[in-house]
Amino acid sequence: MLSKESTPFFYLLLIVFVFLFGGKLFTQGLFVDGIFYGSVAQSLADGYGSLWHLSATKHYYYSFYGHPPFAIWAMSSFMIVFDSAFWVERVFSLLNLGLMLWGVAKIWQLTNPNLSFYTIWWPILLWCCIPVNIWSFQGYLLENSMLVFVVWAVFWGIKTILTESNLYAIICGIFVFFATFSKGPVGLFPLAVIPLYWVVSRDLSLITVVRLTLIIFLSALIPYIILFGLSTDAVLYYSKYFQVQILGSFREPSIHDNGHFYILKTLLIEPIFLWGLAIFTFIMMKKNKLKFNLNKDAKKWFSFFILLTLAGTLPIVLSPKQMRFYITPAMPFLALAIGHYSFPFARLIMLKWEHKPSWHRPFFYLKCILLISAIGISINNYGKCLRDKALINDITTLTKVIPPQSKIILKTKTPAYRAECYFMRIGKICVNDFRWGKSNKAEKANPTPFLVAEKILNGRFYRYKKDTTVNAKLWDLYRIK
């Protein structure tokens, strides 16, 4: 149903995706979290540490226990395959985006069996109208990988609801396991799929709800039991992770402590267009301006996905450590909720378009212009630095002189966290210790061959001589005498 009417909008959406993501796909420079996790994955790909002993560089972050390791393992494997090209993080995120949107499309089909596949353009367009979603997938965040597993867990959870199948419940639980194995407890909220459905629709008996939920829970728990039983390193990693990340987010102040209710403020502001559309649709239906009203199933799925959105965001208020992009795992379900609620409006748009043949040719030209523009922007931006340009250019210059796998001392006025990660990610160069000093006995016994210092220091360093042939704007290179 609505196949012919929705097809042009579906292909327009594909072109919009090329426009939104193509321009940054092959560019350099990442958000600080992205470059840090990229450098951890790079270290693993280069043989530093091991699966349960991750590191970004050889300094005080030598052992990384900040998050569960699966997403970093996957990124590291991707780097090995593509030889650590500068665009690997963004291509990996684009792959995650495709898998996630495929899951959203399957959920839409599952909850709207009478609609054409091409109508998925509507909920996906609504997802695109949330700015933080676009920003997250234009870079590299661990949430991107977790989101794939969360969406597919919900898909199999809904399949479980519709069929009461124990097998589908087990598959749902396995996806929950991988969601938590990628980003931790924030990936647990799909466990609530069946209870939340029971709240909005009593189609299942309470005994069935308990049985299926228990199967999902055990299917997510048993892999951890097996993992901890087989690997003492896994037990050590998770004990450190619990201390550093879980307890640390409550006990120790952080620059990301925005207050307990920041996530709720973000949930209201980021998807403001979706909330506005829902209100507009409600008013139009009340005034009988729309020819189509919501049926019982649409109301049911709207309520269900709203509750699932809240399940993915409300628990975050327990921690004061909150960031804008923490809402992204729940945003596909908000888009699905508003998509179900406002679909009469989308249906009206499609039918009006179908009855206006004079619009078809201009619409085709619009798609051609957008596609050509998107491809042109992508080609023009290839290799450009859209973030940290001066820093990346300098480190690229330095890594042409310093051999890969080298260790350097980084001397800065303030800790250069971002620079350390870029040295590892761009040049596979390990920072030894930025607290170096000539009285350091270990350094005197086994001196590091290179020292990189900020130009503003204009210093002279014991046993090191400045290399005047290197033309960098922010840094000076020193070699051991």
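The values are calculated or read from the model by the stated rules, or taken from the named source; none is laboratory data. What you see is a predicted model, and the numbers here were worked out from it, not measured in a lab. Glycine also receives a Cβ, built like all others from the backbone with ideal geometry; neighbour counts cover every protein chain displayed.
Selection of first residues in the stretch 266-281 that are touching a residue at least 12 places away in the same chain (Cβ under 8 Å) and of second residues that are in a helix (DSSP H, G or I) and hydroxyl-bearing (Ser, Thr, Tyr), restricted to Cβ pairs under 7 Å at least 6 apart or on distinct chains, gives the following pairs, ordered by first then second residue: LEU267/THR313; LEU277/SER342; ALA278/TYR341; ALA278/SER342; THR281/TYR341; THR281/SER342.
Return yes when SER39 is over 29 Å from ASN380 (Cβ atoms) and among the hydroxyl-bearing types (Ser, Thr, Tyr) and no when it is not. Lay out the reasoning, then the answer.
Numbers: over 29 Å from ASN380 (Cβ atoms): no; among the hydroxyl-bearing types (Ser, Thr, Tyr): yes.
The answer is no for SER39.
Inside the stretch 121-167, residues that are touching a Lys or Arg at 6+ places or on another chain (Cβ under 8 Å), of a type in the set (A, V, I, L, M) and more than 17 Å from LEU99 (Cα to Cα) make up a count of 1. When ASP83 is tested against (1) assigned to a helix (DSSP H, G or I); (2) out of contact with any Phe, Trp or Tyr (no Cβ under 9 Å at 6 or more places or on another chain), exactly one condition is not met: (1).
The single condition from (1) of a type in the set (S, T, N, Q); (2) more than 23 Å from the chain's Cα centre (by Cα); (3) assigned to a helix (DSSP H, G or I) that ASN288 fails is (3). Could you please find all residues in the stretch 1-12 being surrounded by fewer than 18 Cβ atoms within 10 Å (Cβ to Cβ), part of a helix (DSSP H, G or I) and either under 21 Å from the mean Cα position of the chain (by Cα) or modelled with pLDDT under 75 (or both)? Answer for the stretch 1-12, where residues must be surrounded by fewer than 18 Cβ atoms within 10 Å (Cβ to Cβ), part of a helix (DSSP H, G or I) and either under 21 Å from the mean Cα position of the chain (by Cα) or modelled with pLDDT under 75 (or both): SER3, LYS4. Exactly one residue among GLY29, GLY38, GLY47 is crowded, with 17+ Cβ neighbours inside 10 Å and modelled with pLDDT under 85, and that residue is GLY29. Test LEU54 against the criterion of being within 24 Å of PHE177 (Cα to Cα), of a type outside the set (Gly, Ala, Ser) and free of Cβ contacts under 8 Å to residues at least 40 places away in the same chain, and give yes or no. Judged against the criteria, LEU54 is a match. Looking at the stretch 71-93 only, could you name the residues that are surrounded by fewer than 20 Cβ atoms within 10 Å (Cβ to Cβ) and under 14 Å from the mean Cα position of the chain (by Cα)? Within the stretch 71-93, ALA74, VAL91 meet the criteria.
Which residue out of PRO315, PRO357, PRO320, PRO362 is farther than 15 Å from PRO123 by Cβ, touching a strand residue (DSSP E or B) at 6+ places or on another chain (Cβ under 7 Å) and surrounded by fewer than 19 Cβ atoms within 10 Å (Cβ to Cβ)? Quick ask: steps written out before the conclusion?
Working: PRO315 fails: touching a strand residue (DSSP E or B) at 6+ places or on another chain (Cβ under 7 Å); PRO357 fails: touching a strand residue (DSSP E or B) at 6+ places or on another chain (Cβ under 7 Å); PRO362 fails: touching a strand residue (DSSP E or B) at 6+ places or on another chain (Cβ under 7 Å).
When all the criteria are applied, what remains is PRO320.
For the stretch 378-397, the criterion of being hydrophobic (A, V, I, L, M, F, W, C), farther than 19 Å from GLY139 by Cα and touching a Phe, Trp or Tyr at 6+ places or on another chain (Cβ under 9 Å) is met by at least one residue. Selection of the stretch 102-134 for residues being hydroxyl-bearing (Ser, Thr, Tyr) and part of a helix (DSSP H, G or I) yields THR111, TYR118, THR119. Is it the case, given these coordinates, that LEU351 is surrounded by fewer than 19 Cβ atoms within 10 Å (Cβ to Cβ), assigned to a helix (DSSP H, G or I), out of contact with any His (no Cβ under 7 Å at 6 or more places or on another chain) and modelled with pLDDT under 85? Yes; evaluated as a whole, the condition is true for this residue.
Pairs meeting the criteria (first residue in the stretch 142-160 and in a helix (DSSP H, G or I), second residue of a type in the set (S, T, N, Q), beta carbons under 6 Å, at least 6 apart or on different chains) are GLU143/THR328; ASN144/SER93; ASN144/ASN96; SER145/ASN96; SER145/SER182; MET146/SER182; VAL148/ASN96.
Of these, TRP73, TRP87, TRP127, which one is hydrophobic (A, V, I, L, M, F, W, C) and farther than 28 Å from GLY47 by Cα?
Values: TRP73 fails: farther than 28 Å from GLY47 by Cα; TRP87 fails: farther than 28 Å from GLY47 by Cα.
That would be TRP127, the only listed residue that is hydrophobic (A, V, I, L, M, F, W, C) and farther than 28 Å from GLY47 by Cα.
When the stretch 122-142 is limited to residues that are aliphatic (A, V, I, L, M) and in contact with a Gly (Cβ under 7 Å, 6 or more places away or on another chain), the one that is modelled with the highest pLDDT turns out to be LEU126.
In this structure, does THR119 turn out to be more than 25 Å from GLY29 (Cβ to Cβ), of a type in the set (Val, Ile, Thr), buried (at least 19 other Cβ atoms within 10 Å of the Cβ) and modelled with pLDDT under 90? Answer is yes for this residue.
In the stretch 125-138, is there at least one residue being under 17 Å from PHE9 (Cα atoms), in contact (Cβ under 8 Å) with a residue 24 or more places away in the chain and buried (at least 22 other Cβ atoms within 10 Å of the Cβ)? Yes, that holds for at least one residue.
Of (1) outside any helix (DSSP H, G or I); (2) surrounded by 19 or more Cβ atoms within 10 Å (Cβ to Cβ); (3) at pLDDT 80 or above, LEU398 satisfies all except one. Which? LEU398 satisfies every listed condition except (1).
All of (1) surrounded by fewer than 19 Cβ atoms within 10 Å (Cβ to Cβ); (2) at pLDDT below 95 hold for SER145 with one exception: (1). The set of residues in the stretch 29-57 being at positive phi and assigned to a helix (DSSP H, G or I) is empty.
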